[in-house]
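What follows is a set of notes on a single structure, which appears directly below.
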Amino acid sequence: MNQPANDRFIIIRFRLFNDGLGFRYEFPQQKNLNYFVIKEEHSQFAMAGDHTAYWIPGDYDTQEYDYTVSRLSEIRGLFSKAYTENSSQTAFSPTGVQTALMMKTDDGLYINLHEAALIDYACMHLNLDDKNMIFESWLTPDAQGDKGYMQTPALHRGVPSSLVMMPATFLPHALR
């Protein structure tokens, strides 16, 4: 992806596997990009239906929640019940969920959205547009609100991959 006006570019690298796909943003060494701050990331994952989701509330400070099983369209209505009291909590949206997010389609296909190779980079949550069934990445900010401090070349360290996994064999037998 090129930005000719600023003479900068990034590489979006896709990898396909037998059980899913992954992608990452890579920032090669270049003349007009050395140190930079990640303010937002807007990766989107469009769902083809109102899948059954196994989710916990999106929270910057804790993952200490019980899983809720519901349709994607029901997350907003169930969020306050799923968001149980804890001594340290920071929810970011009434449709925000944490990764890994597992879903099951009406046809029995399992889909798992998660990140991998998360080194020196903000953790990704997902925010659901429940009218269009589109998840958007939502990175955990630091105390200043920034999502990452990068230096090129950022090809492996500090550049996570987003994963979409879809095999039935990936799941514990009890969830099939």
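Which of the residue pairs Lys81/Lys147; Lys39/Lys104; Lys81/Lys131; Lys104/Lys147 have a Cα-Cα distance greater than 25 Å in the structure shown? Display every interim value, and only then the final one.
Details: Lys81/Lys147 28 Å; Lys39/Lys104 32 Å; Lys81/Lys131 21 Å; Lys104/Lys147 30 Å.
Result: Lys81/Lys147; Lys39/Lys104; Lys104/Lys147 exceed 25 Å.
Per residue of the stretch 122-134, in order, report the coupling 6.51 cos²θ - 1.76 cosθ + 1.60 (Karplus, θ = phi - 60°) as ³J(HN,Hα) in whole Hz, putting x for Gly and Pro.
With coefficients 6.51, -1.76 and 1.60, one gets 5, 6, 9, 10, 10, 10, 8, 7, 7, 8, 10, 6, 10 Hz.
Computed FRET efficiency, Cβ-Cβ of Thr105 and Asp61, R0 35 Å: what is it to the nearest 0.05? Intermediate values should be presented prior to the final figure.
Details: r = 32 Å, r/R0 = 0.90.
In this case the efficiency is close to 0.65.
Can you tell me the alpha carbon radius of gyration of the chain divided by the globular rule-of-thumb value 2.2 N^0.38 Å? Write out the running numbers ahead of the final one.
On the way: Rg = 17.3 Å, N = 176, 2.2 N^0.38 = 15.7 Å.
Normalised Cα radius of gyration, the chain: 1.10.
Find, among the trypsin sites (Lys or Arg not before Pro) in the stretch 13-42, those assigned to loop by DSSP (not H, G, I, E, B) with at most 11 other beta-carbon atoms within 10 angstrom.
Listed in order of number, the matching sites are Lys31, Lys39.
Counting other Cβ atoms within 10 Å, which GluC sites (Glu not before Pro) in the stretch 13-78 have at most 16 and lie in a DSSP loop?
Within the stretch 13-78, the qualifying GluC sites (Glu not before Pro) (loop, at most 16 other Cβ atoms within 10 Å) are Glu40, Glu64.
Rg and Dmax of the stretch 89-144 over Cα atoms: what are they, in angstrom?
Computed over the Cα atoms of the stretch 89-144, radius of gyration and Dmax are 12.9, 44 Å.
Subtract the Cα-Cα distance of Phe92 and Lys39 from 0.36 nm times their separation in residues, and report this length gain in nm to one decimal.
Length gained between Phe92 and Lys39: 17.5 nm.
Return the loop-located trypsin sites (Lys or Arg not before Pro) in the stretch 63-144 (DSSP other than H, G, I, E, B) with at most 14 other Cβ atoms within 10 Å of their own Cβ; answer none if there are none.
Values: sites: Arg71, Arg76, Lys81, Lys104, Lys131; in loops: Lys131.
Here the sparse-neighbourhood loop sites are Lys131.
Quick note: the coordinates plus some simple rules give every number you see, no bench work behind them. No experiment lies behind these values; they were computed from the predicted model shown. Cβ coordinates were reconstructed from backbone atoms using ideal geometry, including for glycine residues, and neighbour counts include every protein chain displayed.
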